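Peer 1: For reference, the structure I am asking about is given below.
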Number of protein chains: 2
Amino acid sequence: MPTSELPAAAPALFTDRYELTMVAAALADGTAERDCVFEVFARRLSHGRRYGVVAGTGRVLDLLPHFRFGDRELASLREQGLTDERLLAWLADFRFTGDIDGYAEGELYFPGSPVFTVRAPFAQGVLLETLVLSVLNHDTAIASAAARMVGTAGGRPCIEMGARRTHEEAAVAAARAAYLVGFTASSDLEAGRRYGVPTTGTSAHAFTLLHDDEESAFRSQVATLGVGTTLLVDTYDVDQGIRTAVEVAGPQLGAIRLDSGDLPTLAVRARALLDELGATSTRIIVTSDLDEYAIAGMMAAPVDGFGVGTRLVTGSGVPTASMVYKLVERDGVPVEKASEGKHSIGGRKHAVRRHDDAGTAVCEVVSAAPVEPRDGDRDLVVPLVRGGVPCSDLDPRAALEQARAHHAEVRQALPPGAWALSGGEPALETLRT
Amino acid sequence: MPTSELPAAAPALFTDRYELTMVAAALADGTAERDCVFEVFARRLSHGRRYGVVAGTGRVLDLLPHFRFGDRELASLREQGLTDERLLAWLADFRFTGDIDGYAEGELYFPGSPVFTVRAPFAQGVLLETLVLSVLNHDTAIASAAARMVGTAGGRPCIEMGARRTHEEAAVAAARAAYLVGFTASSDLEAGRRYGVPTTGTSAHAFTLLHDDEESAFRSQVATLGVGTTLLVDTYDVDQGIRTAVEVAGPQLGAIRLDSGDLPTLAVRARALLDELGATSTRIIVTSDLDEYAIAGMMAAPVDGFGVGTRLVTGSGVPTASMVYKLVERDGVPVEKASEGKHSIGGRKHAVRRHDDAGTAVCEVVSAAPVEPRDGDRDLVVPLVRGGVPCSDLDPRAALEQARAHHAEVRQALPPGAWALSGGEPALETLRT
């Protein structure tokens, strides 16, 4: 009998097979318990972006307690040919008992920022690699793109509506990431259920086409949703649509939505017509393949809100954040792959953001040794997990609100060049000491 | 007490809020039961691609029985302000009872191909929009990119290993989509569990760095995984790594993996060295930011297999398939949004692929009327759901194998120009009659 619930996912299997074969070999040769430090960082900001936004940390911490190998997982591993008995016995008892430090969710990051650091016995730390990277790379890519849109929109609301353009679960995470950086709402009801993201939406062209004419559709919508609703006016002729909308809803109509055509031009015309019809407080919402550049192109137009879909959930050209999960220390000794020597510093990192007297950020300092504190320095690395237990007991909704507030605060300190949409250098230089 | 299971997702809430507000209004005005046809199609193939591959159909059909509004979903809708009692009562009883037709999963598609068609009362059909598009747009984008890689690799195995570069659930769907079009394996253990995709993987640089030296790491790996394993030889010096690998495993070593540097050059050198050491049957696997172009650049090199990650799971530049879900018929009357008139044909569609005497596909015929059959025509639209019940009773693994076989068969019929990687026109023209 089908229910509304899907068979539950198995987070411990959101894992690349090679992690288990490495654990098997390390258990056999005695290295599995070596004390290790794994660090997540990005070598670059893609596409000349000026800053990135750390996102997904809360989701990783939510998943961690479920990262267990129960009968279902172990049976599947056997079926997949992972039959090493020592490995399976160890996995059956597995529980993460290590420490995790990292940038707070919503924090800004730059090349080399140690955004997430796991200290644990090798076998425990290596197991988390894929899941940690999946979550952080996806959510960070979306948040980093979304932050540029919010920054460009200059206070006008941005609404996330890209669920249909990405995997159904990625859509929920994308809505969360967008809200984190200042989007005001999402179309995705599951994001509302899981994370308390405000949800919004009224109607599509199909609703107008369903009815015998546009007026019938508008009357129906207003009867059910009230005059404060948003009417989609571009199914047939936009001017006529606006006239019909105001005729049906009256001048108190909440908003109209434009979803096609040359939006800046249409918005100017629509505003003039709405004002002429007395609907001076009716807002104009635009949608249709928007991104930060399209938003920038409409800042002079009388647009009151932006609905962003495809380009948001695909990271506006950067669908993944290029973060890597690297072993940087083993038994207290820094280690590094030879070909990466130039860019790596071994060991667990300290990181501070340095600010000038006016409170503007001037650089990021990343160091294997504690950083000599100066006025205006802010420590970036905070404890996230101790002995396998999350340091915060906030529920997922409260954690998201906290991260959203943190992001809003720290982005204020960025230098003005950070808001440039053109490709260039990171807004802050990272000093490695 | 945490378990290995996540709280189950609620597929009915993988839905844009506006679908529910439309249903509420349609229930109030009596249009909810109007017989409607919604069609999923893509107006174009992005980036000058020559063909697309329909993927995700099986996942939609798996999700459909769970698309129900239980107490959990209804409580959330109330909390989100959707308090219309008529709507909530209707949702509580909701079960999809309509018909679905479409292209078989794995089938090729072109602009305007009616890949998925839902016939149902308006309220039922409109509810499925977001979920159907999320699944088809994501999975189709990945499959379409993966098919180009498989086509370019010309029989050499391609292995999917991009889980870390995309959302953890999208990773499972991506592994499924890649296998569908001919990838031989995936790194993702959950794809193995859920869909029976063969999984593979041996070790990462971290495993070498964990050990006191490369030789110890190789000895450990071979002891646990056998001489048939794949040794990663580029942590330090590649030549020395290969010598050590063969010394440790003997000439029966299964494979080496190269994950950095100029791969074609390295592969030539590695082959010569392996042969010199007597390891003439040891294969060379390459990984590191591969895509169809990088694979093409290595076809003259002695490479025996390609591991593809980031560029696969992000659709190689096209992370979403641009499919739309449009109301095309209402109460038997074709409908269309004015601004799209040129490209739409109302009503439920018939579609055939036309072939010449040699069996090569020559065009796609899409028509609102049945197509007069000719020799070499193949019907593309098959029944998927009747009266809410899936037409196939294959389990998800068997359905995936069936789709994989179907894809392998139909791609044989494409004209040679379809394999071009350069941007251009679709390989088949779509005739709309």
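Peer 1: In nm to one decimal, list the spacings between the A:GLU85 label point and its equivalents in the other copies, with label points set 7 Å along Cα to Cβ, shortest first.
Peer 2: In nanometres, ordered from closest: 6.5.
Peer 1: Contact order normalised by length for chain B, with contacts defined as Cα pairs under 8 Å and 6 or more residues apart; what percent is it?
Peer 2: Numbers: 859 pairs, mean separation 101.9, N = 433.
With pairs under 8 Å counted, the relative contact order is 24 percent.
Peer 1: Go through A:SER187, A:ILE285, A:LEU273 and say which Cα lies farthest out towards the positive end of the charge dipole of region A:154-317; charges sit on Cβ, +1 for Lys and Arg, -1 for Asp and Glu.
Peer 2: A:SER187
Peer 1: For chain B, what is the mean residue ellipticity at 222 nm derived from helices alone (per DSSP H run of n ≥ 4: -39500 (n - 2.57); sum divided by total residues; nearest 500 deg cm²/dmol)?
Peer 2: Calculated from helices alone, the mean residue ellipticity at 222 nm is -11000 deg cm²/dmol.
Peer 1: Let me confirm one metric for peptide A:325-337, namely the mean number of other chain beta-carbon atoms within 10 Å of its residues' beta-carbons.
Peer 2: Mean partner shielding for this stretch: 3.
Peer 1: Mind computing the radius of gyration and Dmax over the alpha-carbon atoms of chain A? Å is fine for both.
Peer 2: Every Cα atom of chain A included, Rg and Dmax give 24.9, 81 Å.
Peer 1: With the label 7 angstrom out along Cα to Cβ, how close does B:GLY48 come to the same site in each of the other copies, in nm, nearest first?
Peer 2: Those label-point separations list as 2.3 nm.
Peer 1: If you count, for each residue, the other Cβ atoms within 10 Å and average over each peptide, how do A:198-205, B:413-420 line up from highest to lowest? Walk me through the numbers before you get to the answer.
Peer 2: Numbers: A:198-205: 23.1, B:413-420: 15.0.
So the order, starting with the most tightly packed, is A:198-205, B:413-420.
Peer 1: Shielding of A:195-205 by partners, i.e. mean partner chain Cβ atoms within 10 Å per residue?
Peer 2: Whole-number average of other-chain Cβ neighbours for A:195-205 is 6.
Peer 1: Quick one: net charge of A:LEU414's neighbours, Cβ under 14 Å, K/R +1, D/E -1? Don't skip to the answer; put the middle values down first.
Peer 2: Numbers: positive: A:ARG49, A:ARG50, A:ARG148, A:ARG353, A:ARG354, A:ARG378, A:ARG411; negative: A:GLU107, A:ASP356, A:GLU364, A:GLU409, A:GLU425, A:GLU429.
With Lys, Arg at +1 and Asp, Glu at -1, the neighbours total +1.
Peer 1: Something else about it: Need one value for B:157-164: mean number of C-beta atoms belonging to other chains within 10 Å of its residues' C-beta atoms.
Peer 2: Averaged over the peptide's residues, the number is 4.
Peer 1: How far is A:ALA405 from the same spot in each other copy, in nm, shortest first, if each label point sits 7 Å from Cα toward Cβ?
Peer 2: 5.9
Peer 1: What's the tally of Lys pairs in the protein assembly as shown whose alpha-carbon atoms lie under 19 angstrom apart, where the two lysines are 8 or more places apart or on different chains?
Peer 2: 8
Peer 1: Continuing with the same structure: Pull out a ≥ b ≥ c, the square roots of the eigenvalues of the alpha-carbon gyration tensor of region B:1-141, then state rounded if a/c is under 1.5, prolate if not and a/b is larger than b/c, and oblate in the remaining case.
Peer 2: It is oblate, given that a/c is not under 1.5 and a/b is not larger than b/c.
Peer 1: Based on Cβ point charges of +1 for Lys and Arg and -1 for Asp and Glu, what charge dipole magnitude is obtained for region B:201-259 about its Cα centre, in debye rounded to the nearest 20?
Peer 2: For region B:201-259, the charge dipole is close to 280 debye.
Peer 1: Between B:ASP275, B:ASP379, B:ASP212, where does the largest GNM mean-square fluctuation fall for chain B, given springs only between Cα atoms within less than 10 Å?
Peer 2: B:ASP212
Peer 1: Additional query: Could you tell me whether region A:154-317 comes out rounded, prolate or oblate from its Cα gyration tensor? Rule is a ≥ b ≥ c as square roots of the eigenvalues, rounded for a/c under 1.5, then prolate if a/b exceeds b/c, otherwise oblate.
Peer 2: prolate
Peer 1: Another question, then. Nearest-5 percent of antiparallel DSSP beta bridges in the protein assembly as shown?
Peer 2: 65 percent
Peer 1: What shape does region B:20-100 take by its C-alpha gyration tensor, where a ≥ b ≥ c are the square roots of the eigenvalues and a/c under 1.5 counts as rounded, a/b above b/c as prolate, and the rest as oblate?
Peer 2: Judged from the Cα gyration tensor, region B:20-100 comes out prolate (a/c at least 1.5, a/b above b/c).
Peer 1: Build a GNM of chain A with springs between Cα atoms under 10 Å: which of A:VAL115, A:VAL132, A:VAL382 gets the top mean-square fluctuation?
Peer 2: Most flexible of the set in this elastic network: A:VAL382.
Peer 1: Just report the Cα centroid separation between region A:207-271 and region B:201-220, whole Å.
Peer 2: Between the Cα centre of region A:207-271 and that of region B:201-220, the gap is 64 Å.
Peer 1: Could you identify which residue out of B:LYS326, B:LYS337, B:LYS349 has the top mean-square fluctuation in a GNM of chain B using Cα springs shorter than 10 Å?
Peer 2: Ranking B:LYS326, B:LYS337, B:LYS349 by mean-square fluctuation puts B:LYS337 first.
Peer 1: What's the total accessible area buried between chains A and B, using a 1.4 Å probe, rounded to the nearest 100 Å²?
Peer 2: Details: alone 19380 and 19360 Å², together 29820 Å².
Approximately 8900 Å² gets buried when A meets B.
Peer 1: For Cα pairs less than 8 Å apart in space and 6+ apart in sequence, what is the mean separation divided by the residue count of region A:202-315, i.e. the relative contact order in percent?
Peer 2: After rounding, I find 21 percent.
Peer 1: Follow-up. So, for region B:154-316, what is the accessible surface per residue at a probe of 1.4 Å, expressed in square angstrom?
Peer 2: I get 30 Å² per residue for region B:154-316.
Peer 1: When only C-alpha pairs under 8 Å and at least 6 residues apart count, what is the relative contact order of region A:320-433, in percent?
Peer 2: Relative CO of region A:320-433 lands at 24 percent.
Peer 1: Of the options B:GLN124, B:LEU77, B:ALA143, report the single residue whose Cα projects farthest towards the positive end of the charge dipole of region B:71-160 (beta-carbon charges: Lys, Arg +1; Asp, Glu -1).
Peer 2: Value computed over the given set: B:ALA143.
Peer 1: Give me the residues in region A:99-141 whose solvent-accessible area, probe 1.4 Å, is reduced by at least 10 Å² once all protein chains are included instead of the chain isolated.
Peer 2: Listed in order, they are A:PHE122, A:GLU129, A:THR130, A:LEU133, A:SER134, A:ASN137, A:HIS138.
Peer 1: Ok, one more. Please report the carbon-and-sulfur percent of the accessible area for region B:296-433; probe 1.4 Å, protein heavy atoms only, DNA, RNA and ligands left out.
Peer 2: Carbon and sulfur together cover 53 percent of it.
The values are calculated or read from the model by the stated rules, or taken from the named source; none is laboratory data. In this text, all values refer to a predicted model and were calculated from it rather than measured experimentally. Don't worry about glycine lacking a Cβ; one is built from the backbone with ideal geometry, like all the others, and counts go over all protein chains shown. Side chains are part of the model used for accessible areas, which takes the heavy atoms of the whole protein and leaves out ligands, DNA and RNA. Shrake-Rupley method; radii C 1.70, N 1.55, O 1.52, S 1.80 Å.
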